[in-house]
Amino acid sequence: MILNGRLNSYDSCDIIKKMKKTTKTKIGDKLVNITIDLLEYFYNVGGNTFDATISKQKAREIFYGNYYQTHTEVPFAKWLYRLRDQGYITYTPGSDSFEFTLKTKMKLIDKIGNIAVESIYYHFVSFDIPEKFSKARNAFRRALKALGFKRIQDSFWVINKDVYSFVQEIAFELKVEKYIVNIISAQSDIDGVLNKMFIN
C-alpha cells in the first residue's frame, strides 16, 4: 500500500522494472501499449469530456475485470501510483476519484478529436508564434491537426467542433497563449469553403 507518498512492501525500483517489462504485450495480432490503452478505456468510462474524471473503485473494477491485469505483475494500487508519478493522472490523498492531466489528453488527442461534439459554430484559431518558439509552434500545429482542425492558411485553422477549452489548455501548457487568437463564429465570408471542408 501507499503510506505518506511512499511505496510499502514493494521496492519502487522493482515496480518500475516490472512496468518496463510489461508495458507492451502482444494481444492477438496487435501490439498494445497497456498504459495508453487502459488510460483510453478509463477516459471513455469517465465521460469522454475534457474534464473527465473516474472513481478509483470503477478504475479498479476495470483493471481486474478486463485483460489488462493478466498482462502486468503490478498490483492496481501501485500501478495507479505510477500513473500519478508519471504525470498521467492527478488526485489528492483520500480522494475517491482521479482526473486526467493534459499529458494523458495529448496522448489521446486524436481520439478526443473524434469524439468531440460537433457545433453549429465554427472555431477559428489564428496564431503568430515567434521563430524562437518554433518547437512549441510545431507542437501546437500538430495538436490542431490531430484534433481535426483543417488549415485555411499556414497559421489560420478551423474546426466545427467544441474544443475551445482544450485548445486553450494546450496553448497554456506550451506557453504560447499570448500569440493565439480564438474566434467562434456562426457565419463568415468563407462559409462556402467551410461547407466543402466539413459537410460531406
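Bear in mind these aren't lab numbers, they're just calculated from the coordinates by the rules spelled out. Just so you know, these numbers come straight off a predicted model, no measurement behind them. As a convention, Cβ positions derive from the backbone with ideal geometry for all residues, glycine included, and neighbour counts pool all protein chains shown.
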Using alpha-carbon positions, the gyration tensor of the stretch 117-198 gives root eigenvalues a ≥ b ≥ c; with a/c under 1.5 called rounded, otherwise prolate if a/b exceeds b/c, else oblate, the class is prolate
First select every other residue whose beta carbon is under 11 angstrom from the beta carbon of Ser119; then total the charges, Lys and Arg +1, Asp and Glu -1. -1
Please tell me which of these pairs span more than 24 angstrom C-alpha to C-alpha: Lys132/Lys161; Lys56/Lys105; Lys58/Lys175? Lys132/Lys161; Lys58/Lys175
